[in-house]
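Scroll down for the structure; my scribbles are underneath it.
Read-outs throughout are calculated quantities, based only on the coordinates presented, and are distinct from any laboratory measurement. All values reported here derive from a predicted model rather than from experimental measurement. Please note: Cβ atoms are built from the backbone with ideal geometry, for glycine as well, and neighbour counts cover all protein chains shown.
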Amino acid sequence: MITTRPSLAVLLPLLITLACGDDGEATPGSSSGDETSTTAGTTGPGPQPTTGGVGSSDDGSTGDPVASSTGLVDDGSSSSSGGSESSESTGQLDEPKPPVPAGLVHFVTGNEDDADVEPTGPGVVLMGGGPEVDEAFTWWGDYIAGGDVVVIRTRGSDGYNQYLYDFGNADSVETMLVTSEALANDPYVSWTLRHAEAIWMAGGDQATYLENWMGTEVQSAIEEAYARGAVVGGTSAGLAVLGEFVFAAYNDTVYSFEALEDPYNQYMTMEQGFLALPPLAGIITDSHFQERDRMGRLVGFLARIHADGWAGASVTGVGVDEQTAVVVGPDGQGTVIGLGHVYVVAADHPPEVCTAGVALEYAGLEQYDMVAGDSLAFPGAQSPGPSSPLAAAAGVTIPADPY
C-alpha cells in the first residue's frame, strides 16, 4: 500500500524550522532550503540590502535599481530592455567585457575589473547545505590565484559577497541572479562566468536552475571555466545540479518513503547532462542528507538511472550532510571536511524491480560512510574504507536505519 504524502499542514512546521536553520543570519554563508516553494524569499548569508536588491520578490524581478556593494547603481539604463546594448559580443573568453544587461540583478564586492589570472585547478566543492563550511573557501584559495569569484543563483541577494571576500583570497566576488533563459544566454553573464576563477551555485530551488540554465550559455560557460582551471562548487540545491545525473524537483521535493514505494511517482523528476564535470561523471548528488533522511530516495534515484538506461556499468550516489563538504583537487583526490558525514552508495547493477506503482526491490548495494579527513577518489567517489550492505524492499531500506 502506498503511504499518503504528508499534508502541507503537517509538514509546514518542519519546513519552517528547516528554513530558519538554513537561512538564519546568525551563521555566515547559510544556504536556502531546496526543493520546496514553501521556503521562499531566502537570501543567503550576511546582512541584506535595505534598498535596491531584490525587493519583495524571490527572483528579484521588481524592476528597481540595484545597489551593488561597491556603492554603484546599475539601473540598466545603458542597455535596451531586450538585453545588452551591443550585439557584437557573444561573451566568449577572448572578447572584451560586454555591458550589463537590463534586468540583471547583480552585486559586486571588490575590484570590478577582471583579475586576469590563471587558476591552478580545476577543483570541485560539494557542500551539503546549512551553515557553510569555512574550510572549503580557504581551501580553494590555493587554486583561484587571487582571482574572481562568481556566485550564481535565481533568487536571494548579495549575502555571499562580503563573506567570501573576507577570506582574503579573491580579487572580487560578484553575485548574479540569473532568473531567465534570456539572461542565461546574455553575453555579460557568460563572459563573467568564463572569466571566473571560482563559481559558486547557491542554495535555492534546483528546478529553477535547470529550467533557466540548462542548454544555455551558463551551462557551457561553467564547463569552460572548469576546463581552464577554475573551482566549481555548490551547496544544497547548488550541489544537487553538479553531478551527471540530477534530481530535478520539478514537482517539488520527494521523500524517501515515496521513492521506495513507487520509484516512478510524480515527484521523481530526473535530468541528465546539465553539467559535464569530469570528476562527477556517473554521479548523482544529494544534500541535507541525514538531517532529512534522504538515503531511501538516493537509492530510488540510483534505481531509476539504471532502469531508464542512463547509466553505463555503474552509477554512484553521494549524499552530503549539512555543515559538511567534499573538496576535490585537480588530481581527483577528494577530502571530507566539516562536522557531518558523507555517504557514498555504489550501484553497479540494475534493480530487481523498478516499476511504476510497485515498491522498489534493489539488493546488493554497497554503502560507504565517511567523516572529516577521509578520502575519496574521483571520478567514481571511490573510498578505500570498508563498506556495508544496503538494499531496498517493501518500501523501506535494509537496514532500516542506514546512518
Q. The stretch 192-274: percent of C-alpha pairs farther apart than 22 Å?
A. 28 percent
Q | Net length gained if the chain between residue 398 and residue 142 were fully extended (0.36 nm per residue, minus Cα distance) | A | 88.0 nm
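Once you have the Cα-Cα distance between residue 363 and residue 293, take 0.36 nm times their residue separation minus that, and quote the gain in nm to one decimal.
Numbers: separation 70, 0.36 × 70 = 25.20 nm, distance 1.95 nm.
Length gained, residue 363 through residue 293: 23.2 nm.
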Q: Have a look at the stretch 313-403 and give its Rg and Dmax from the Cα atoms, expressed in angstrom.
A: 14.3, 43
Q: Give, in nm to one decimal, the length gained when the segment between residue 182 and residue 314 is fully stretched (0.36 nm per residue of separation minus the Cα-Cα distance).
A: 43.9 nm
Q: Can you grab the distance from the C-alpha centre of the stretch 368-397 to the C-alpha centre of the stretch 308-352, Å, no decimals?
A: 8 Å
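Please rank 201, 176, fewest neighbouring Cβ atoms within 10 Å first, as an exposure proxy.
Ascending Cβ contact count within 10 Å gives the list 176, 201.
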(Q) Using a 10 Å cut-off around each Cβ, can you sort 297, 153, 304 from fewest to most neighbouring Cβ atoms? (A) 304, 297, 153
Q: Classify the stretch 85-147 as rounded, prolate or oblate from the Cα gyration tensor: take a ≥ b ≥ c as the square roots of its eigenvalues, call it rounded if a/c is under 1.5, otherwise prolate when a/b beats b/c and oblate if not.
A: prolate
Q | Global geometry of the stretch 128-196, whether rounded, prolate or oblate, following the gyration tensor of its Cα atoms and the 1.5 cut on a/c | A | oblate
(Q) If I model the stretch 254-332 as equal point scatterers sitting on the Cα atoms and use the Debye formula, what is log10 I(q)/I(0) at q = 0.11, 0.16 Å⁻¹? (A) -0.31, -0.64
